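In what follows, a structure is listed as structure tokens, so that the remarks can point back to it.
The values are calculated or read from the model by the stated rules, or taken from the named source; none is laboratory data. What you see is a predicted model; the values in this text were computed from it and never measured. Here the Cβ positions follow ideal geometry from the backbone for every residue, glycine too, while neighbour counts run over all protein chains shown.
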Amino acid sequence: MNVTDHVQTYWPAGLLARIPTFPVQLPDFIYHETSQVDCIYKSDGIIRLQEAHNIEICVVEVSYEYLNQDTRKIYIDHHKATYSCLAMLKTFADQYKYASVDVLEKLKIYFVHAADDKIKLWSLSYQDEVFHFWREGVLNIEPKFEDKETYQQDIITFYWTFKCKLEESLDAVKKIQDSHKINRKNSRYNFGENPKLLSQIINPNIIKLTENDRKKGMSDLGPFDSPEHD
């Protein structure tokens, strides 16, 4: 599956204005839009899957401007996006409730967080009855002209890795859709059998965090970076 054929991305103009200019041209499939994003998660951006009922697969948060070190803002954005990722995974489970859980375990939901002088890529997945939240990569922003050669290499590596991981999730989505269709069809003939559905298995407690009410004390809860992993 080609990521540009199946993904619709919403990046508000403010997001691009608050981080250093990328040394690459943005692809045509990136749309600048805020209204649809704000009405869902109050996030700075989301990535939707056009061929999967427009389900979100990635959330973006920008914690103020470059080099801002307001840890309360950074941490509240981090935890808010974590619950947003849980909500996205739950949406997959509800939409494709007949899919097998072992197929869903291949799916990763992503969170891109721009804060201070870094852009971090996180992933959320469900495996072995546990929700896993991992740091997948870090990009150190180097806006100085003398750092351009090293920074160009780093930024290309970071976003190419992100693209490849999105394509892996797109492949996982296709398998989830196929599993859902097959199992739903088979369930019509399995009289008396009531297998547990994904919508029942994936049922996390999801809290909608608000910055004004939850900011105090949030810095004590992390995030505490995990090591990068395969």
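Structure above, values below:
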item: Residue selected from region 178-199 under the condition without any contact (Cβ under 8 Å) to a residue 24 or more places away in the chain and among the polar types (S, T, N, Q), by the criterion nearest to LEU49 (Cα to Cα); result: ASN186
item: Residue check for GLU56: in contact with a strand residue (DSSP E or B) (Cβ under 7 Å, 6 or more places away or on another chain) and either modelled with pLDDT of 85 or more or surrounded by fewer than 21 Cβ atoms within 10 Å (Cβ to Cβ) (or both); result: yes
item: Selection status of LEU107, within 12 Å of the chain's Cα centre (by Cα) and within 22 Å of SER187 (Cβ to Cβ); result: yes
item: Residue count, region 88-104 (criterion: aliphatic (A, V, I, L, M) and either within 16 Å of the chain's Cα centre (by Cα) or closer than 12 Å to PHE131 by Cβ (or both)); result: 4
item: Strands (runs of 3 or more DSSP E) fully within region 63-145 counting 2 or more residues that are touching a Gly at 6+ places or on another chain (Cβ under 9 Å) and modelled with pLDDT of 90 or more; result: 118-127
item: Of all residues making up region 155-177, the number that are buried (at least 16 other Cβ atoms within 10 Å of the Cβ) and either without any contact (Cβ under 8 Å) to a residue 60 or more places away in the chain or of a type in the set (Phe, Trp, Tyr) (or both); result: 4
item: The listed residue being at pLDDT below 75 and closer than 27 Å to VAL138 by Cα, out of LEU221, LEU166, LEU170; result: LEU221
item: Residue ID - surrounded by the fewest Cβ atoms within 10 Å (Cβ to Cβ), chosen from residues in region 135-151 that are within 20 Å of the chain's Cα centre (by Cα) and free of Cβ contacts under 8 Å to residues at least 40 places away in the same chain; result: ASN140
item: Subset of region 183-208 [surrounded by 13 or more Cβ atoms within 10 Å (Cβ to Cβ) and among the basic types (Lys, Arg)]; result: ARG184
item: Extreme residue, nearest to the chain's Cα centre (by Cα), among residues of region 61-87 that are among the aliphatic types (A, V, I, L, M) and surrounded by 23 or more Cβ atoms within 10 Å (Cβ to Cβ); result: ALA81
item: Every residue from region 138-158 that is under 11 Å from LYS120 (Cα atoms) and out of contact with any Lys or Arg (no Cβ under 7 Å at 6 or more places or on another chain); result: PHE158
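Table: residues versus (1) within 15 Å of VAL59 (Cβ to Cβ); (2) surrounded by fewer than 14 Cβ atoms within 10 Å (Cβ to Cβ); (3) not hydroxyl-bearing (Ser, Thr, Tyr).
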{"residue": "SER100", "(1), (2), (3)": "no, no, no"}
{"residue": "GLU105", "(1), (2), (3)": "no, no, yes"}
{"residue": "VAL112", "(1), (2), (3)": "yes, no, yes"}
{"residue": "ASP116", "(1), (2), (3)": "no, no, yes"}
{"residue": "LEU121", "(1), (2), (3)": "yes, no, yes"}
{"residue": "VAL130", "(1), (2), (3)": "no, yes, yes"}
{"residue": "PHE133", "(1), (2), (3)": "yes, no, yes"}
{"residue": "GLN153", "(1), (2), (3)": "no, yes, yes"}
